[in-house]
Amino acid sequence: MPQPQPPGAPERDLASEAYLRQLKKTFEQLPNDIPLLLFTDKGGNDLFAQATRQVIRAFRELSPRISLKEYGLDHELARRYQVTSSPTLLVAPDRYSIRWLGAPMGEEARTLLETFMLVGLGQSNLNEQSRKVLRRIDSARQVKVFVSATCPYCPQQAVNGVKAAIELPEHVSLEIIDIQSETELADRYSAHSVPMAFANEVLIGHGAQAEEVFMLSLQKLEAQTIFIPESDAEEVEADLVIVGGGPAGLTAGIYAVRSGLRTAIIERQALGGQVATTPVVENYPGFTSVGGKTLVDIMVSHALQYVQIFQGEGVLDIAHGNPIVVQTSRRKFMTKAILLATGANHRHLNVPGESRLAGRGVSYCSTCDGPLFKGKKVLMVGGGNSAVTEALYLHHMGVKVTLVHRRDTLRAQEFLARRLSETGIPVRWNTEIREIRGEDRVREVLLVDNRSNQTSVFATDGVFIAVGYEPAVELAGKLGLELNADGYIPHDGRHRTRLPGVYSAGDVEGGYKQIVTAAGQGAEAAMTIFADLINPYWLKETTGAAASGA
């Protein structure tokens, strides 16, 4: 019996058709052709070559501007362009030095789309701050960005490289390298956690970077973590600024705008927060089972119908006053209220070797880095829902995974624990990692039985860590907000902090760390903010205090 279509499916189909029509219209307006050269080996019958052709074929249906010619690795043009691996895709090679090693599938198709748009436009679309930094480069920069098809953070970093190559073609060359296709190259660079960017063989970025930070790292040939604008950028006036683009922030944005508030969302990394890297979500109402990234895309698409989102901007400072001033890496926001929906970051084990080997076998995202470990042996550390879900994901991907848990029972839901048992994934109970070892990459770990205190060495190719999260409270500190005993932002029952006009929602408050609760708290906070801006409670308190003083 055929399964019924979920509610809203026809609307999503219509939305997809409308999106394709809009893409075609956009391509029609591009002034430049987009010639592609594809180099393959052995007749180009391997899966990656076939997938590359399929992706390009889909894009060519959108525009006659896109053309494709295919050659073997023994062709004269392969020698001319120094192409040695299959498949390799060159994009407009007479104008730019942009090449793709592997197949642009999954998340990488987003990067390819934006690359085509920028090449067809003939402009980098860099903001003025980034352009100023890039123009200081007066020597060659050979950039390599390692990515994977399942990494939602990779497109942001890869497009940074594309923009640099288009803005400064005389100095910047770019290789976007798929770690699943180019495993040997990834091993050579120890690129086991993506995205990872190199320039002139120097690591300049691990993880997605804001545009300006990437350009500064490229210019200095050294990884940078912050960019201070040389002068004030554009000012944005708002009723509410939401810091954080996870479920809490996105939901708050929808509710705030629907209430009539001028609202902006600022997110320095990938939208969706932790959900974007969750392989499968099985407890969100309306979806029996849905990929975390798919759920995020639905949320973001909904939010964009209402609220303006400023992605890739890090908040540098917040000055509490009337108005509240929020300075990001690109502009200044003047707002009546601010909502901190900054979520939480991965908790670390804090053992020797963890930070040194991060990205070289130590990973916090199975969705991003799992493909590289297919057929290899890894440890998954943790005993909660995230650890078990990611262990199951790795197992079904073909990774030989063993779960390490410091207790004798799992904290994960019974349903997940049962699935873990059914798959036969080994579990090392009452065991902790004392040290992660390896020179250039993870080779082994030192385990300790916390009952007997006996140690043992476990040979492994990788260590995936899912031991919970720590609240992202740096901005709360900048505002002078004191944290509670557990390190979260204290608030009243309506998400107000002790500072008038400053609110919080989601994982940064503690409590149940679930997608549905974060979304609910975002909605609650937005409605509270709307009511408070109409009738500010802090003015009442000031008036009352003055009256009692009189």
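Remark: pairs (first residue in the range 506-530, part of a loop (DSSP other than H, G, I, E, B); second residue hydroxyl-bearing (Ser, Thr, Tyr); Cβ separation under 9 Å; 6+ apart in sequence or on different chains) = Gly510/Tyr488; Gly511/Tyr488; Gly511/Thr517; Lys513/Tyr469; Gln514/Tyr284. Beta carbons closer than 7 Å, at least 6 apart along the sequence or on distinct chains, pair a first residue in the range 395-420 that is within 19 Å of Ser456 (Cα to Cα) with a second that is surrounded by fewer than 19 Cβ atoms within 10 Å (Cβ to Cβ) and of a type in the set (S, T, N, Q) for Arg406/Asn430; Arg406/Asn450; Arg407/Asn430; Asp408/Asn430. Looking across Asp492, Asp507, one residue alone is assigned by TED's automatic domain parsing to the domain that holds Thr277, under 24 Å from the mean Cα position of the chain (by Cα) and modelled with pLDDT under 95. It is Asp507. On inspection, Asp408 passes the criterion of being in a loop (DSSP other than H, G, I, E, B) and of a type in the set (D, E, K, R).
Could you please let me know if Thr402 is touching a strand residue (DSSP E or B) at 6+ places or on another chain (Cβ under 7 Å) and not aliphatic (A, V, I, L, M)? Yes, satisfied.
One line per residue, one yes/no per condition, for (1) in contact with a strand residue (DSSP E or B) (Cβ under 6 Å, 6 or more places away or on another chain); (2) modelled with pLDDT of 90 or more:
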| site | (1), (2) |
| --- | --- |
| Glu201 | no, yes |
| Val213 | no, yes |
| Lys220 | no, yes |
| Glu234 | no, no |
| Pro247 | no, yes |
| Gly253 | yes, yes |
| Leu261 | yes, yes |
| Ile265 | yes, yes |
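Per-residue answers, yes or no, for (1) among the charged types (D, E, K, R); (2) surrounded by fewer than 20 Cβ atoms within 10 Å (Cβ to Cβ); (3) without any contact (Cβ under 8 Å) to a residue 12 or more places away in the chain:
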| residue | (1), (2), (3) |
| --- | --- |
| Ala270 | no, no, no |
| Thr278 | no, no, no |
| Thr294 | no, yes, yes |
| Gln311 | no, yes, no |
| Val326 | no, no, no |
| Ser329 | no, no, no |
| Ala337 | no, no, no |
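Those strands (runs of 3 or more DSSP E) of the range 183-249 in which 2 or more residues are closer than 27 Å to Ala505 by Cβ and in the same structural domain as Ala476 (by TED's automatic domain parsing) occupy 235-243.
Suppose the filter is within 23 Å of Arg110 (Cβ to Cβ), within 31 Å of the chain's Cα centre (by Cα) and at pLDDT 90 or above; does Val55 pass it? When the stated conditions are applied, Val55 passes them. Taking Glu175 as the residue in question, decide whether it is within 18 Å of Tyr96 (Cβ to Cβ), charged (D, E, K, R) and either in contact (Cβ under 8 Å) with a residue 40 or more places away in the chain or part of a helix (DSSP H, G or I) (or both). Yes, satisfied. Being assigned by TED's automatic domain parsing to the domain that holds Leu533 and within 22 Å of Gly246 (Cβ to Cβ) holds for only one residue in Ala337, Ala319, Ala387, and it is Ala337.
Selection of the range 197-218 for residues being of a type outside the set (Val, Ile, Thr) and over 15 Å from Gly314 (Cα atoms) yields Ala197, Phe198, Ala199, Asn200, Glu201, Leu203, Gly205, His206, Ser217, Leu218.
Residues that are out of contact with any Asp or Glu (no Cβ under 7 Å at 6 or more places or on another chain) and assigned to a loop (DSSP other than H, G, I, E, B) do occur in the range 330-345.
The values are calculated or read from the model by the stated rules, or taken from the named source; none is laboratory data. Remember, predicted model here, so these are calculated numbers, not experimental data. Here the Cβ is made from the backbone with ideal geometry for all residues, glycine too, and neighbour counts use every protein chain on show.
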